[in-house]
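> The following block contains the structure, expressed as structure tokens.
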Ligand SMILES: Nc1nc2c(c(=O)[nH]1)N[C@H]1C(S)=C(S)[C@@H](COP(=O)(O)O)O[C@H]1N2
Ligand SMILES: [Mo]
């Protein structure tokens, strides 16, 4: 029984750290709720009222402990017989979590961790207990058993408490997030024609959106506690809470966010429909000093970004975003409010878990990444990527497709070549705006053998992409994306 409780404790910590609510008990309970006959559900509600969920959890715990006791007795006789009980119990929880519609890929992990923990602890107890069973008078075995019992009990209480602290806050914030009602975009559908044949999704789902930040544990901010202080070289300081933010004029805009660390051909880039409030309006209201040239934005966890004022006050609709693809920002993507600036890499603009904006001058401060070897200014560079094919193809007509981007400048042309031959013009999908990536495709009559595909893009003014290879540091990679394709 102690082994089972220890498993539940590590499982709850795993759930808290992974940001899933699927602890072993919750996983089994949810699967149970989905499957019970209606009469039993009604009976439970009439018996326990609004405490029906607590009753269910208690019931699961009692059954689990009873089965664990049986497993424990078996384990003293034969470890593997007891272990089988643990494996079946943990297996049921893993399956229950994995088959839930609302869990990500990590939902099964807490139950898995719980099972492994229980197996290890059971093994320790089984060894001590079978020794004790054979030599009942042996003081050493008895002491070893008592020490183990005390150690596991203490450890379980400590780990369980940790899980409560980490998980409780996480649950409270995600519940508050679920309960939010936000001004939402009229439609989540991408504009007509932006999707190219064969290319990946033009709109990146939140679950697939790349995540980059320095946060070892994600800042957990209740919307009711969120506050933004805008100060510095302004006529009037502004303090804004979440309710006040939502009362302002809201815009919805597709913007492709990119990370400066993206290697040529990499996937640290994503396109989403952001909803928020224009920074231009807020800055105008504050009255920015003519001498200022930057804002320093600071997150709840102390990350800072330095952004040129020009990019916030021109026509590009830089915003304080509170929604991503029609949902409140996911916690990992900056809940409840972050900055989104079209055309600039994330490290100089896209502060998540936003807490403070100071209007200032670049000669007055250094943002987080500047002393670490990255450029103070970070406009996104014209780039292109081949998404299909990535390694293999069958000979004949092969669709070569991908994306090209030059946020807030625009892409006018994409070309593809095979084995260093002549550049061929690819067909461009519709441009949603100059602030989003643009998809393209090209039909290739592919002969058998090993081939190298390459892509290059041209910006709105007709300038070609930089061909010389440069690494991401200090201000973004350059070079053409090449893919080796084996055509069979
Ligand atoms: N608070 C905070 N905000 C941050 C960062 C960070 O480390 N901390 N990283 C930035 C970087 S480098 C990028 S590329 C984007 C990534 O945003 P995403 O994780 O939502 O894709 O967030 C930016 N905002
Ligand atoms: Mo980044």
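> Could you list all residues from region 172-197 that are surrounded by 16 or more Cβ atoms within 10 Å (Cβ to Cβ) and in a helix (DSSP H, G or I)?
Hits for region 172-197 are 173, 174, 176, 177.
> Could I ask something else about it? Quick one: which helices (runs of 4 or more DSSP H) sit completely within region 1-104 and have at least 3 residues that are touching a residue at least 60 places away in the same chain (Cβ under 8 Å)?
Once the helices (runs of 4 or more DSSP H) in region 1-104 are filtered for at least 3 residues that are touching a residue at least 60 places away in the same chain (Cβ under 8 Å), what remains is 2-18, 24-35, 52-77, 79-98.
> When you scan region 374-400, how many residues do you find that are over 26 Å from the mean Cα position of the chain (by Cα) and assigned to a strand (DSSP E or B)?
7
> Quickly run through region 354-369 and pick out the residues that are touching a strand residue (DSSP E or B) at 6+ places or on another chain (Cβ under 7 Å), farther than 23 Å from residue 214 by Cα and surrounded by fewer than 19 Cβ atoms within 10 Å (Cβ to Cβ).
361
> Is it the case, given these coordinates, that residue 220 is touching a residue at least 60 places away in the same chain (Cβ under 8 Å) and either closer than 30 Å to residue 5 by Cα or assigned to a helix (DSSP H, G or I) (or both)?
yes
> Among 257, 320, which is under 30 Å from residue 480 (Cβ atoms), modelled with pLDDT of 95 or more and either within 16 Å of ligand 2 (Cβ to nearest atom) or part of a strand (DSSP E or B) (or both)?
257
> Is it the case that region 273-287 has a residue that's away from ligand 1 (no atom under 15 Å from the Cβ) and assigned to a strand (DSSP E or B)?
yes
> On to the next question. Quick one: count up the residues across region 200-209 that are within 13 Å of ligand 1 (Cβ to nearest atom) and modelled with pLDDT under 95.
Of the residues in that region, 2 qualify.
> Take residue 337 and decide whether it is surrounded by 23 or more Cβ atoms within 10 Å (Cβ to Cβ), more than 26 Å from residue 225 (Cβ to Cβ) and within 15 Å of ligand 1 (Cβ to nearest atom).
No, not satisfied.
> Separate question: Can you list residue pairs whose Cβ atoms sit under 8 Å apart, with the first residue in region 245-272 being more than 19 Å from residue 475 (Cα to Cα) and the second being within 12 Å of ligand 2 (Cβ to nearest atom) and in a strand (DSSP E or B)? Count only pairs 6 or more apart in sequence or on different chains.
271/257; 272/257
> What's the number of the condition residue 374 fails, among (1) within 11 Å of ligand 2 (Cβ to nearest atom); (2) under 14 Å from residue 296 (Cα atoms)?
(2)
> Scan 400, 485, 466, 414 and give me the residue that is within 29 Å of residue 317 (Cβ to Cβ), at pLDDT 95 or above and surrounded by 20 or more Cβ atoms within 10 Å (Cβ to Cβ).
414
> May I pose another question? May I ask you to verify whether residue 230 is over 17 Å from the mean Cα position of the chain (by Cα) and away from ligand 2 (no atom under 16 Å from the Cβ)?
Yes, satisfied.
> Could you list all residues from region 342-360 that are assigned to a loop (DSSP other than H, G, I, E, B), over 14 Å from residue 218 (Cα atoms) and more than 13 Å from ligand 2 (Cβ to nearest atom)?
Once the filter is applied, which keeps residues that are assigned to a loop (DSSP other than H, G, I, E, B), over 14 Å from residue 218 (Cα atoms) and more than 13 Å from ligand 2 (Cβ to nearest atom), region 342-360 yields 342, 343.
The values are calculated or read from the model by the stated rules, or taken from the named source; none is laboratory data. This structure is a prediction, so every number in the text was calculated from the model and none was measured. Ideal geometry is used to build each Cβ from the backbone, glycine not excepted, and the neighbour counts take in all protein chains shown.
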